[in-house]
1. Filter segment 5-35 down to the residues that are under 10 Å from the mean Cα position of the chain (by Cα) and modelled with pLDDT under 95 and list them by number.
2. Sort out which residues of segment 54-75 are surrounded by fewer than 16 Cβ atoms within 10 Å (Cβ to Cβ) and part of a strand (DSSP E or B), and write them in order of number.
3. I need every pair where a residue in segment 104-118 that is in contact (Cβ under 8 Å) with a residue 40 or more places away in the chain has its Cβ under 6 Å from the Cβ of a residue that is in a strand (DSSP E or B) and of a type in the set (Phe, Trp, Tyr), sequence separation at least 6 or different chains.
4. Under 14 Å from the mean Cα position of the chain (by Cα) and at pLDDT below 95: is that true of Arg76 in this structure?
5. For segment 96-124, which residues satisfy the criterion of being among the aliphatic types (A, V, I, L, M) and surrounded by fewer than 16 Cβ atoms within 10 Å (Cβ to Cβ)?
6. So, in segment 22-53, how many residues would count as being away from ligand 2 (no atom under 16 Å from the Cβ), surrounded by fewer than 21 Cβ atoms within 10 Å (Cβ to Cβ) and closer than 16 Å to Ile87 by Cα?
7. Does Ala75 count as touching a residue at least 40 places away in the same chain (Cβ under 8 Å), closer than 23 Å to Glu121 by Cα and more than 16 Å from ligand 1 (Cβ to nearest atom)?
8. Could you list, ordered by first residue, the pairs with Cβ atoms under 9 Å in which the first is in segment 16-33 and part of a strand (DSSP E or B) and the second is acidic (Asp, Glu), at least 6 apart or interchain?
Amino acid sequence: MTVLLGKCLCGQVEVSVHGEPLRIGICHCMDCRKESGSAFTYYGIWPADAFECRGDPAEFRGQRFCPHCGSRLFARDGEEAEIKLGILSMAPAGLVPSYELWVKRREPWLRPVDGAEQYDENRT
Ligand SMILES: [Zn+2]
Ligand SMILES: [Zn+2]
């Protein structure tokens with residue numbers, strides 16, 4: 001079974017997921033811009049029981065990050081874990097987004113991802 005490993009910049013928090021993701025997305029919303037400090041977030045959703053974390057991440061509004069280096073890591077609720085794909089130990093990750101959220105906030109110099117569903121705001 002496929003296992004993907006990720007860690008924060010300083011290495012004190014590690015995550016792993018196994019098996020296929022439920023979906024891969026990109027979000028251009030204001031919260032994602034501010035949280036990431038970048039133009040969008042790139043993330044994958046796995047079932048919560050396919051996800052493990054080692055270390056002691058801090059949390060703000062459900063988003064977990066490393067308290068030492070500030071890397072954004074993941075969010076989870078009861079059923080799903082959302083992993084920020086930039087923390088994976090391989091780059092490029094090769095996981096292609098199947099949808100984009102909040103495309104009305106997308107920078108005009110970014111093009112839509114080929115074949116990805118486009119949502120003006122959140123998925124309905
Ligand atoms: Zn760290
Ligand atoms: Zn967002």
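1. Within segment 5-35, none qualify.
2. Of everything in segment 54-75, those that are surrounded by fewer than 16 Cβ atoms within 10 Å (Cβ to Cβ) and part of a strand (DSSP E or B) turn out to be Arg54, Ala58, Glu59, Phe60.
3. Between residues of segment 104-118 that are in contact (Cβ under 8 Å) with a residue 40 or more places away in the chain and residues that are in a strand (DSSP E or B) and of a type in the set (Phe, Trp, Tyr), the close pairs are Ala116/Tyr99.
4. Answer is yes for this residue.
5. Matches in segment 96-124: Val96, Leu110.
6. Number satisfying all stated conditions: 3.
7. Judged against the criteria, Ala75 is not a match.
8. Ser16/Glu52; Val17/Glu52; His18/Glu52; Gly25/Glu82; Gly25/Glu100; Ile26/Glu100; Cys27/Glu100
The values are calculated or read from the model by the stated rules, or taken from the named source; none is laboratory data. Only a predicted model underlies this, so the values are computations on that prediction, with no experimental measurement involved. A quick note on method: Cβ atoms are made from the backbone with ideal geometry, for glycine too, and the neighbour counts reach across all protein chains shown.
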